[in-house]
Amino acid sequence: MALEVHYNTALPVYWEDPNGVVPASASAVFREADGSIFETLSVTLPTVATTIASATNSSTLTLTSAVGVVVGQRYRVESFGFVAVAVVARIDGSTVYLESGLPTAPEVGDTFAATRMTASIAAPGEGNIGPNYRLEWLYDDGTTEGFGADVVHVVRWKWSTPVDGNEVREYVSRQWSSIARSRTELYYMQVAERANERIRGVVEAAGRRPYLFGASNIFDAAGREAMRWELAKDGLLPVGLNAALFEQDRQEAFNHEMNQAMLSLAMYDRNDDGKIDDEEAAGFFFNVSTSR
């Protein structure tokens with residue numbers, strides 16, 4: 001997913017190595033579309049490094065200290081000579097509950113360390129509005145080197161995602177109250193993220209950029225259908241209905257709502273000049289067709 005930095009506001013950014021490398025040194029640069037360096041960032045390294053005090057099972061770990069541990073972030077767990085990457089779904093005191101279980105329950109004294117490094121892109125200024133900047137990370141732990149990158153757009157308007165985790169939780173609570181109690185806030189956030197990315201993907205596939213819409217609430221209905229579609233993929237659908245047919249219905253409903261939204265592009269700043277002229281207000285013909 002591309003990052004968006006508002007031209008007049010700094011943007012906090014981060015990177016987590018997918019293989020669990022804990023950086024001992026790191027650098028980050030923000031490049032213009034032509035590859036030249038626009039800004040060199042100051043990187044803050046992760047500081048959480050603790051050990052396992054006990055393990056109830058492979059996904060419920062009590063730490064020596066959980067200070068600084070954050071839900072949704074990735075952590076390196078080293079046990080039996082193997083390295084695993086775990087995402088924390090819930091914290092209760094010094095006990096952390098992982099999004100998914102490790103290959104095996106770790107032993108007392110095994111390491112648990114944060115992988116997330118952070119930085120901040122300074123407000124680029126209105127004169128630098130434009131797409132396809134690039135954020136690059138270079139880091140190592142003294143032995144293994146890592147590299148990460150994100151596409152960044154400097155924007156006038158930031159795209160507001162149509163669905164959030166609270167809306168997903170409220171919907172699941174209304175439909176399946178017993179199931180809702182077993183899901184974490186992280187789960188709802190992830191469903192919302194997948195739904196929002198589905199919408200963003202359709203918009204970008206049409207050659208449009210989400211942040212050029214003057215009001216992203218035109219995608220609210222599509223967002224709700226995308227949410228239901230993602231939940232159906234997780235097996236959450238009305239009792240007694242055929243799963244494949246229900247998922248197909250959600251796909252068709254999503255396509256319909258996206259078509260309605262994209263055909264009403266009276267607030268799309270096509271030339272990115274901060275205003276909607278007569279030609280842009282006329283909209284354009286569009287048709288969404290997605291495959292499962």
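Nothing in this text is a laboratory measurement; each read-out follows from the coordinates by a stated rule. All values derive from a computational prediction rather than experimental measurement. Glycine also receives a Cβ, built like all others from the backbone with ideal geometry; neighbour counts cover every protein chain displayed.
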For the chain, just the Cα set please: Rg and Dmax, both in angstrom.
21.8, 67
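Magnitude of the Cβ-charge dipole of the range 157-281, K/R +1 and D/E -1, about the Cα centre, nearest 20 debye?
Numbers: 16 positive and 22 negative charges, 122 e Å.
Rounded to the nearest 20 debye, it is 580 debye.
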Evaluate E = 1/(1 + (r/R0)^6) for ALA123 and GLN260, where r is the Cβ-Cβ distance and R0 equals 35 Å; express this FRET efficiency to the nearest 0.05.
0.50
Could you check the simple spin-label distance between THR95 and SER177, using points 7 Å along Cα→Cβ, in nm with one decimal?
2.6 nm
What's the Kirkwood radius of the range 157-281 in Å, using all Cα pairs?
15.4 Å
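Kindly give Rg over Rh for the range 77-124, based on alpha-carbon atoms, with the Kirkwood expression for the hydrodynamic radius.
Working: Rg = 14.4 Å, Rh = 12.9 Å.
So for the range 77-124, dividing Rg by the Kirkwood Rh gives 1.12.
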Where does the Debye-calculated log10 I(q)/I(0) of the range 123-182 sit at q = 0.15, 0.21, 0.22, 0.23 Å⁻¹, using only Cα point scatterers of equal weight, no solvent?
-0.75, -0.83, -0.87, -0.92
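Once the Cα gyration tensor of the range 49-114 is found, what semi-axes does its equivalent ellipsoid get, as square roots of 5 times the eigenvalues, in whole Å, sorted largest first?
Details: eigenvalues 44, 29, 25 Å².
The answer is 15, 12, 11 Å, longest axis first.
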At what distance in nm do the modelled label points of SER54 and PHE80 sit from each other, each positioned 7 Å from its Cα along Cα→Cβ?
2.1 nm
Can you compute the FRET efficiency between ALA206 and ALA113 using 1/(1 + (r/R0)^6), with r the Cβ-Cβ distance and R0 = 51 Å? Round to the nearest 0.05.
0.75
